[in-house]
1. Look through 159, 168 and report the one residue that is acidic (Asp, Glu) and in a strand (DSSP E or B).
2. Can you pull out the residues in region 72-105 that are open to solvent by 50 Å² or more (accessible area, probe 1.4 Å), of a type outside the set (Asp, Glu) and either without any contact (Cβ under 8 Å) to a residue 24 or more places away in the chain or not in a strand (DSSP E or B) (or both)?
3. Can you name the number of the only condition in (1) open to solvent by 30 Å² or more (accessible area, probe 1.4 Å); (2) part of a helix (DSSP H, G or I) that residue 55 fails?
4. Looking for whichever is of a type in the set (D, E, K, R) and surrounded by 19 or more Cβ atoms within 10 Å (Cβ to Cβ) here; the options are 137, 172. Which one fits?
5. Suppose we filter 120, 152 for residues that are open to solvent by 70 Å² or more (accessible area, probe 1.4 Å), over 19 Å from residue 52 (Cα atoms), at pLDDT below 95 and assigned to a strand (DSSP E or B); which single one remains?
6. Report whether or not residue 30 is more than 21 Å from residue 191 (Cβ to Cβ) and at pLDDT below 95.
Amino acid sequence: MQEVRRGRRARFAVRATVGLVAVGATLVLATPLSADPVTGGKSVLMPDHATFEGLADMSIGVEATGAAKFRRNGAKFPITGGDVREGPRGSIEHRGGMAFLRRGGPRVKFSKFTIEIGRNKTKLFAKSGRSEVRFLDLDLSDATIGGSEGVNLRISGAEGTLAKQAAEVLTDVFDFPFRKGIPVGDFNIRAQVG
């Protein structure tokens, strides 16, 4: 009788061990690729001249806000954080932003940019008022992606177009029908990772 019980216990122990091994293997396979923290860098927006000239014709100006700066070669936004992994995939956070305004009239600001790099789409989200909105859609299909010592992620020539949510915000503020897909400019991203 004791030998039968011992046999059952042994078989149960083997099954339990096999089950735990299987669960452990499943957890290992389900673990995503590890992401590395983004520690610094900058992104530069090279404005689309035709679009910005069109805004000027409508008496709508564009200014850099906060830590962002407009220079000869574009608007610079300091990178403050985020995380990325191979692909590339992940998020890149920035300080500063852009304001659209009419002198003595309405004004709207988009700030605290976060670039979300996905498998099929790359989006730039921004804070506007008390809400987060999708500000730009970034097309990486013709962009150059690589890296170098000190700049672990380099994306050049990401085409930025106005996203639907941002177009709706601008339409409400300036009483003019802004549309999704208006070219805003090319983004060049230089992120320090790790």
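The values are calculated or read from the model by the stated rules, or taken from the named source; none is laboratory data. If you're wondering where the values come from, they're calculated on a predicted model, not measured in any experiment. Neighbour counts run over all protein chains shown; Cβ positions are idealised from the backbone, glycine included. To get the accessible areas, we keep the full protein, side chains included, count just its heavy atoms, and leave off ligands, DNA and RNA. Shrake-Rupley method; radii C 1.70, N 1.55, O 1.52, S 1.80 Å.
1. On the way: 168 fails: in a strand (DSSP E or B).
Of the residues listed, the single one that is acidic (Asp, Glu) and in a strand (DSSP E or B) is 159.
2. 72, 73, 87, 95, 102, 103, 104, listed by residue number.
3. (1)
4. Details: 172 fails: surrounded by 19 or more Cβ atoms within 10 Å (Cβ to Cβ).
None of the other options fit; the residue is 137.
5. Working: 120 fails: assigned to a strand (DSSP E or B).
Selected residue: 152, the only one of 120, 152 that is open to solvent by 70 Å² or more (accessible area, probe 1.4 Å), over 19 Å from residue 52 (Cα atoms), at pLDDT below 95 and assigned to a strand (DSSP E or B).
6. On the way: more than 21 Å from residue 191 (Cβ to Cβ): yes; at pLDDT below 95: yes.
Criteria met by residue 30.
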